[in-house]
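Written below as structure tokens is the structure these notes are about.
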Amino acid sequence: MAKRDYYEVLGVSKSASADEIKKAYRRLAMKHHPDRNKEDSDGSEKRFKEAKEAYEVLKDEQKRAAYDQFGHDGLRGGPGGPGGGYGAEGFGDIFGDVFGDIFGGGRRGGGAPQVFRGADLGYELKLDLETAVAGDSITIDVPTQVGCETCGGSGAKKGSDPVKCTTCGGVGQVRMQQGFFSIQQTCPACKGAGTTISDPCTDCHGRGRVRKTRTLSVKVPAGVDDGDRIRLSGEGEAGRNGGPSGDLYVEIRVQPHKIFDREGANISCEVPVSMATATLGGEVELPTLDGNVSLKIPAGTQSGKVFRLRGKGVTTVRDHRQGDLFAMVAVETPVHLTAKQKEMLEKFDESIRAGGEKHSPRAGGWVDTVKRFFERISQ
């Protein structure tokens with residue numbers, strides 16, 4: 001019986017890419033594998049072998065070119081010889097060729113020792129508001145794992161070398177076959193290193209890394225805010241088996257300020273004003289991050305009044321436009337008065353009350369509102 005066209009077997013066109021051919025074969029291999037078709041094992045095995053034969057030819061550029069030009073005659077017996085049929089070894093090849101990328105494996109006997117990237121580290125950097133706004137270079141001490149200098153990171157005692165792991169043959173991985181599935185996993189003997197150490201380094205005890213506190217300089221950009229993070233690439237823990245180091249993430253924590261509160265590019269503060277200044281008007285000295293300025297207080301200013309000083313705020317790392325300063329007036333009530341001061345204040349209060357709403361418009365309106373409220377609930 002004549003062999004079917006290989007493209008027809010896989011269900012692809014003659015112009016199909018290598019990736020399309022692989023996907024088609026993977027689908028058929030999963031569908032027709034005898035382990036999944038116990039009721040029709042003979043028929044499934046036949047279709048499985050047919051698909052495998054087609055794939056073995058079409059995945060190879062030279063064989064595919066010969067097949068495209070001369071057909072089956074150009075293959076000199078084809079690929080269906082020993083080792084090409086169904087069985088544990090045959091399917092192991094399939095798994096390595098088609099599914100190896102899923103499980104991080106490769107063909108049997110290939111691969112290299114696993115390398116492990118070092119862990120990322122976090123560091124909390126506390127800054128005052130002035131430093132966060134202006135920026136600076138800060139020196140920090142970070143405890144971390146670094147490569148052992150004594151053994152050069154190998155873990156072996158000076159003068160000796162690690163030896164190839166006998167369990168995995170030096171590749172750092174072993175393959176476990178369970179029925180239909182073949183799974184590649186880290187070698188339990190060498191933990192993926194591919195080597196074992198018979199005479200460990202006395203400083204790192206065979207780990208290749210030691211704990212050490214490193215001193216680093218962190219460039220804090222102007223305008224950082226609470227919660228911002230600065231990434232220092234490669235300043236985390238050292239990798240294992242020659243793997244790259246992790247990163248260090250410096251998280252900014254801006255400490256509470258005695259005067260200012262910050263919200264983005266704007267800052268705010270409370271300005272204590274004497275009762276006389278709030279009543280008669282005047283000027284008070286107001287602090288800013290750039291120095292003191294004079295704030296004019298209009299006569300009759302009430303407590304809670306907010307004044308906006310444009311351009312007296314800060315910048316942020318994302319926007320270099322200067323924010324504003326919001327100053328809220330807090331009228332101070334005099335305390336610890338002398339008898340004379342109390343007497344003067346009582347006379348002053350009598351004169352104010354005699355003027356009614358003329359001097360206290362808010363108080364008069366509030367009294368009227370209270371009266372109407374009680375009249376309504378008493379009805």
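Restricting attention to the stretch 295-316, which residues are open to solvent by 50 Å² or more (accessible area, probe 1.4 Å) and within 21 Å of H257 (Cα to Cα)?
V306, R308, R310, K312
Within the stretch 197-211, is even one residue assigned to a loop (DSSP other than H, G, I, E, B), among the hydrophobic types (A, V, I, L, M, F, W, C) and either open to solvent by less than 30 Å² (accessible area, probe 1.4 Å) or under 30 Å from D290 (Cβ atoms) (or both)? Give the steps one after another, and end with the answer.
Looking only at the stretch 197-211, we keep the residues that are assigned to a loop (DSSP other than H, G, I, E, B), and these are 197-199, 201-208.
Next, from what is left, pick out any that are among the hydrophobic types (A, V, I, L, M, F, W, C): 197, 201, 204.
Then drop every residue that is not either open to solvent by less than 30 Å² (accessible area, probe 1.4 Å) or under 30 Å from D290 (Cβ atoms) (or both), which leaves 201, 204.
So far as the stretch 197-211 goes, yes, one or more of its residues are assigned to a loop (DSSP other than H, G, I, E, B), among the hydrophobic types (A, V, I, L, M, F, W, C) and either open to solvent by less than 30 Å² (accessible area, probe 1.4 Å) or under 30 Å from D290 (Cβ atoms) (or both).
Residues checked against (1) at pLDDT 85 or above; (2) under 42 Å from the mean Cα position of the chain (by Cα):
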position: Y25; (1), (2): yes, yes
position: A29; (1), (2): no, yes
position: A65; (1), (2): no, no
position: G74; (1), (2): no, no
position: G81; (1), (2): no, no
position: A88; (1), (2): no, no
position: G96; (1), (2): no, yes
position: P113; (1), (2): no, yes
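Could you give every pair whose Cβ atoms fall below 9 Å, whose first residue belongs to the stretch 274-287 and is without any contact (Cβ under 8 Å) to a residue 40 or more places away in the chain and among the hydrophobic types (A, V, I, L, M, F, W, C), and whose second residue is assigned to a strand (DSSP E or B) and loosely packed, with under 14 Cβ neighbours inside 10 Å, counting only separations of at least 6 or pairs across chains?
V284/P272; V284/S294; V284/K296
Within the set of pairs 6+ apart or on separate chains, which have a first residue in the stretch 221-235 that is under 14 Å from A119 (Cβ atoms) and touching a residue at least 60 places away in the same chain (Cβ under 8 Å), a second that is of a type in the set (D, E) and outside any strand (DSSP E or B), and C-beta atoms under 8 Å apart?
E235/D247
Please go through the stretch 153-169 and give me each residue that is assigned to a loop (DSSP other than H, G, I, E, B) and open to solvent by 70 Å² or more (accessible area, probe 1.4 Å), ordered by number.
K157, K158, G159, D161, T166, T167
When residues of the stretch 222-247 are filtered for being aliphatic (A, V, I, L, M) and either assigned to a loop (DSSP other than H, G, I, E, B) or surrounded by fewer than 14 Cβ atoms within 10 Å (Cβ to Cβ) (or both), how many remain?
Matching residues across the stretch 222-247 total 3.
Could you check the stretch 324-379 and list, in sequence order, the residues that are open to solvent by 90 Å² or more (accessible area, probe 1.4 Å), touching a helix residue (DSSP H, G or I) at 6+ places or on another chain (Cβ under 8 Å) and either modelled with pLDDT of 90 or more or of a type in the set (S, T, N, Q) (or both)?
Matches in the stretch 324-379: E332, T333.
If you check G106, G122, which single one turns out to be at pLDDT below 80 and open to solvent by less than 90 Å² (accessible area, probe 1.4 Å)?
G106
Any idea which of (1) open to solvent by 60 Å² or more (accessible area, probe 1.4 Å); (2) modelled with pLDDT under 95; (3) not in a helix (DSSP H, G or I) is the one K219 doesn't satisfy?
(2)
Since V146 meets every condition but one in (1) among the hydrophobic types (A, V, I, L, M, F, W, C); (2) open to solvent by less than 60 Å² (accessible area, probe 1.4 Å); (3) within 30 Å of G264 (Cβ to Cβ), which condition does it not meet?
With (1) among the hydrophobic types (A, V, I, L, M, F, W, C); (2) open to solvent by less than 60 Å² (accessible area, probe 1.4 Å); (3) within 30 Å of G264 (Cβ to Cβ) applied to V146, the lone miss is (3).
Here are some residues: T215, T186. Which one is over 30 Å from A134 (Cβ atoms), within 31 Å of the chain's Cα centre (by Cα) and touching a residue at least 24 places away in the same chain (Cβ under 8 Å)?
T186
For V142, indicate whether it is β-branched (V, I, T) and within 24 Å of the chain's Cα centre (by Cα).
Here the answer is yes, as V142 does meet what is asked.
Quick check on the stretch 248-269. Is at least one of its residues touching a residue at least 12 places away in the same chain (Cβ under 8 Å) and part of a helix (DSSP H, G or I)?
For the stretch 248-269, residues touching a residue at least 12 places away in the same chain (Cβ under 8 Å) and part of a helix (DSSP H, G or I): absent.
The values are calculated or read from the model by the stated rules, or taken from the named source; none is laboratory data. Worth saying up front: this structure is predicted, and the values here are computed from it rather than measured. Here the Cβ is made from the backbone with ideal geometry for all residues, glycine too, and neighbour counts use every protein chain on show. Quick note on the areas: whole protein, heavy atoms, side chains included, nothing else; ligands and nucleic acids left out. Shrake-Rupley method; radii C 1.70, N 1.55, O 1.52, S 1.80 Å.
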